[in-house]
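Asks: Next up is a structure, given as structure tokens.
The values are calculated or read from the model by the stated rules, or taken from the named source; none is laboratory data. Just so we're clear, the structure is a prediction, and the values are computed from it rather than from any experiment. Positions of Cβ are backbone-derived with ideal geometry, glycine not excepted, and every protein chain shown enters the neighbour counts. For accessibility, only protein heavy atoms count, side chains too; no ligands or nucleic acids. Shrake-Rupley method; radii C 1.70, N 1.55, O 1.52, S 1.80 Å.
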Amino acid sequence: MPDRVAGTARPRPTGPSKPPEDALRQDLDRLMHERGLAGMVVFAHDRYSPEMYYVTRQKLHYAIYCRAADGRAHLIHDPMERDQAAKIGADQSTFLQHGLPRMIEREGSPARAYGRLIADTCAGLGIRGRVACFGETSSGFAYEMLEHVRACDPALEIDRSFPDVLSVARTTKDPAELEAIRHAARGAVAAIQRLRDYLGKLRPVGDHFRSNGSGPVTLGDLRRLIHLEFLEHKLEGGETIVSQGRDAGVPHNRGDDAQLLRPGTPLLVDIFPGEAGGGYHSDLTRTFCVGQAPPELRKVWDDVHDAFRLALDGLKVGEPCRTYQERVCDLFEQRGHVTLRSNEATQEGYVHGLGHGVGLSVHEAPRMGGPPTNTQALAPGMVITIEPGLYYPSRGMGVRIEDLVVVRDDGSIENLTPAPYDLEVEPRG
């Protein structure tokens, strides 16, 4: 990718006007009014920004987007991204049109120059009052930039509310977002099915497996197979979890690619592919055992599967999201497992929340657990995971089952990742 070339041309930017409306942007405007916000600012600082993608529907890596609560918006962008910028439906100008190189010299630092640009653009849109600010940059840079915004225009106040307006907006998905998530979920299901088929064709050789005359199968071989399937669906895999035995007992242990796949051992595979270059994600976990599962592993898997069914089958619009975490804790504790509710410091047993929202980030609102202060209710449009697990690294095992579901407008639940759950895979190579 070519570097940016500084220039000095400064044509007059177009004045602000109201962009074509869509459901997502109308929802943002409604939320800003409800929360008493005068507007919002999103800054992409030479990198992909989920927030910029959300508000513009384009993958702009270097831009400032300002939006007033009445729907008027202005985008300042890099000329090299002018084709993407043209699709946004907002008035726009380029950094060079604002004389950014000279502004940096005049203001004394890039952060202060961007702060000046933000303040001036907000003034041009008539934004006065609390402004929600988002972006991808270092905390020190952001602090200096926002401090200078306030210095340039004391009528602006930086919104500090939690949760912020974009987190609230992203809690539910519109049809276009759901289609992107469905695509990622289809790729995840295909990858898990490809893995299961591959495991079923392996040939056991003592304490390891071989495939079609090749060397011993490693966890790295399995990871590469999964990622190849992602590529077939134009997805990226991120830090896929492929762990076994003791490592499967630590929820976010990514696994050791050099380890040989072992028979009779839990193999935990947690995949969360998303659109290539940034975009919407999916999330899916299955636990396998190649060959016959030991009784202890089977018992733990059965308990997790029962908890999974209890939570998934009980989902109901209007109920607090954390209700399902309490039900899963009840089941696990009744069966002798420690949970975070019974021992908040435990590192064995049930050691995490039941699930989370999925969208532009793998983990976003709502939380399907958390403290009693989490009063978020299940609502149509939410895309959530249900993922109970039990973890016993001291006993060389961990089990998690996870599906991604969407709450439809009529309150019904659609499973986006309907892959088989079976624990055992019988190698027939």
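Asks: Hey, what D do you get for the range 323-403 in µm²/s if you plug the Kirkwood alpha-carbon radius into Stokes-Einstein at 20 °C and 1.002 mPa s? Could you put the intermediate results ahead of the total?
Replies: On the way: Rh = 13.4 Å.
The estimated diffusion coefficient comes to 160 µm²/s.
Asks: What is the sum of charges, Lys and Arg at +1 and Asp and Glu at -1, for the other residues whose Cβ falls under 13 Å from the Cβ of Gly359? Before the final figure, lay out the partial values.
Replies: On the way: positive: Arg170, Lys173, Arg182; negative: Glu51, Asp174, Glu177, Glu179, Glu275, Asp283, Glu364.
With Lys, Arg at +1 and Asp, Glu at -1, the neighbours total -4.
Asks: Note the angle between two axes, namely the Cα long axis of helix 295-313 and the longest principal axis of the Cα atoms of the chain, as a number of degrees from 0 to 90, rounded to the nearest 10.
Replies: Approximately 40 degrees, to the nearest 10.
Asks: So, one more: Using the Karplus curve 6.51 cos²θ - 1.76 cosθ + 1.60 with θ = phi - 60°, work out ³J(HN,Hα) for each residue of the range 258-263 in order, rounded to whole Hz, and write x for Gly and Pro.
Replies: Running phi through 6.51 cos²θ - 1.76 cosθ + 1.60 with θ = phi - 60° gives 7, 5, 6, 5, 10, x Hz.
Asks: Taking the Cα centre of the chain as origin and charging only Cβ (+1 Lys, Arg; -1 Asp, Glu), how large is the dipole, in debye to the nearest 20? Kindly include the intermediate steps, with their values, before the conclusion.
Replies: On the way: 51 positive and 60 negative charges, 122 e Å.
Its charge dipole is roughly 580 debye.
Asks: Quick check: pseudo-label points 7 Å beyond the Cα along Cα→Cβ at Asp330 and His252, how many nm apart are they?
Replies: 3.0
Asks: Could you tell me whether the range 274-429 comes out rounded, prolate or oblate from its Cα gyration tensor? Rule is a ≥ b ≥ c as square roots of the eigenvalues, rounded for a/c under 1.5, then prolate if a/b exceeds b/c, otherwise oblate. Could the numbers behind the result be given before it?
Replies: On the way: a/c = 1.81, a/b = 1.25, b/c = 1.45.
Cα axes put the range 274-429 in the oblate bin.
Asks: So what is the diffusion coefficient of the range 91-189 in µm² per second by Stokes-Einstein at 25 °C and 0.890 mPa s, using a Kirkwood Rh over Cα pairs? Could you put the intermediate results ahead of the total?
Replies: Values: Rh = 15.9 Å.
Reported coefficient: 154 µm²/s.
Asks: Given the range 235-340, what whole percent of its Cα pairs are spread farther than 18 Å?
Replies: Values: 3418 of 5565 pairs.
Summing the P(r) tail past 18 Å for the range 235-340 gives 61 percent.
Asks: Return the single residue from Asp410, Asp256, Asp91 with maximal mean-square fluctuation; model: Gaussian network over the chain, springs between Cα atoms under 10 Å.
Replies: Comparing Asp410, Asp256, Asp91 in the GNM, the peak value goes to Asp410.
Asks: Moving on to the next point. Roughly how many Å² of Thr373 are accessible to a 1.4 Å probe, to the nearest 10?
Replies: Near enough 120 Å² of accessible area.
Asks: Still on this structure, I have one more. Can you order the peptides 41-49, 363-371 by their average number of other Cβ atoms within 10 Å per residue, highest first? Don't skip to the answer; put the middle values down first.
Replies: Numbers: 41-49: 20.8, 363-371: 18.6.
In descending order of packing, they fall as 41-49, 363-371.
Asks: First check a/c for the range 69-139, with a ≥ b ≥ c the square roots of the eigenvalues of its C-alpha gyration tensor; if it is under 1.5, answer rounded, and if not, answer prolate when a/b is larger than b/c or oblate otherwise.
Replies: Details: a/c = 1.60, a/b = 1.11, b/c = 1.44.
It comes out oblate by the Cα gyration axes.
Asks: Another one. Less than 12 Å Cβ to Cβ from Gly238, Lys/Arg counted +1 and Asp/Glu -1: what total charge do the surrounding residues give?
Replies: Working: positive: Arg223, Arg254; negative: Glu236, Glu239, Asp270, Glu275, Asp283.
Cβ neighbours under 12 Å give a net charge of -3.
Asks: Separate question: If DNA, RNA and ligands are ignored and the probe is 1.4 Å, what is the ranking of Val250, Val383 by accessible area, most exposed first? Mind dumping the intermediate values first?
Replies: On the way: Val250 50, Val383 0 Å².
Result, largest first: Val250, Val383.
Asks: With a sphere of radius 14 Å drawn around the Cβ of Glu402, what net charge do the other residues whose Cβ falls strictly inside it have (Lys, Arg +1; Asp, Glu -1)? Let's see the in-between values first.
Replies: Numbers: positive: Arg286, Arg309, Arg400; negative: Asp270, Asp283, Glu387, Asp403.
Its environment carries a net charge of -1.
Asks: For the range 202-270, report the translational diffusion coefficient in µm²/s to the nearest whole number, using Stokes-Einstein at 37 °C, 0.692 mPa s, and a Kirkwood Rh over Cα pairs.
Replies: 260
Asks: Further, regarding this structure: Rounded, prolate or oblate: pick one for the chain, where a ≥ b ≥ c are the square roots of the eigenvalues of its C-alpha gyration tensor, a/c under 1.5 means rounded, and failing that, prolate if a/b is larger than b/c, else oblate. Don't jump to the answer; show the numbers that get you there.
Replies: On the way: a/c = 2.49, a/b = 1.83, b/c = 1.36.
Judged from the Cα gyration tensor, the chain comes out prolate (a/c at least 1.5, a/b above b/c).
Asks: Could you please state how large a percent of the accessible area of the range 141-201 is carbon and sulfur, counting protein chains only and using a 1.4 Å probe?
Replies: Values: 1630 of 2860 Å².
Here it works out to 57 percent.
Asks: Next question, about the same structure. In whole Hz, what ³J(HN,Hα) sequence does the range 381-392 give by Karplus (6.51, -1.76, 1.60; θ = phi - 60°), x for Gly and Pro?
Replies: Taking θ as phi minus 60°, the curve returns x, 6, 10, 9, 9, 10, 8, x, x, 10, 10, 9 Hz for the range 381-392.
Asks: Return the long-range amide H neighbours of Glu136 (sequence gap of 5 or more, or a different chain), with a cut-off of under 5 Å between placed amide H atoms.
Replies: Counting only residues 5 or more places away or on other chains, the set is Phe43, His45.
Asks: Hey, can you grab everything whose amide H is under 5 Å from the amide H of Glu424? Only 5+ residues off in sequence or another chain; H modelled, so Pro and N-termini drop out.
Replies: Distant-sequence amide H within range of Glu424: Cys289.
Asks: For the range 378-429, what is the largest minus smallest coordinate of the Cα atoms on each principal axis, given in angstrom and ordered from greatest to least?
Replies: 43, 32, 10
Asks: Next question, about the same structure. What order do Ser361, Ser282 take when sorted by accessible area (1.4 Å probe), most exposed first? Display every interim value, and only then the final one.
Replies: Numbers: Ser361 40, Ser282 0 Å².
Order by accessible area, largest first: Ser361, Ser282.
Asks: Excluding ligands and nucleic acids, what accessible area in Å² is computed for Glu387 using a 1.4 Å probe, to the nearest 10?
Replies: Roughly 20 Å² of Glu387 is accessible to a 1.4 Å probe.
Asks: Go ahead and estimate [θ] at 222 nm for the chain from helices alone: -39,500 (n - 2.57) per DSSP H run with n ≥ 4, summed, over the residue count, rounded to 500. Numbers along the way, then the final one.
Replies: Working: 11 runs with 136 residues, N = 429.
My calculation for the chain gives -10000 deg cm²/dmol from helical runs alone.
Asks: Let me ask you something else. Going by average Cβ density within 10 Å per residue, which order do the peptides 204-215, 349-360 take, highest to lowest?
Replies: Values: 204-215: 12.7, 349-360: 23.0.
Answer by packing, highest mean first, reads 349-360, 204-215.
Asks: Pairs of Cα atoms under 8 Å, at least six residues apart: use those to get the relative contact order of the chain, whole percent. Present the calculation step by step, with values, prior to reporting the outcome.
Replies: Details: 921 pairs, mean separation 62.6, N = 429.
Answer for the chain is 15 percent.
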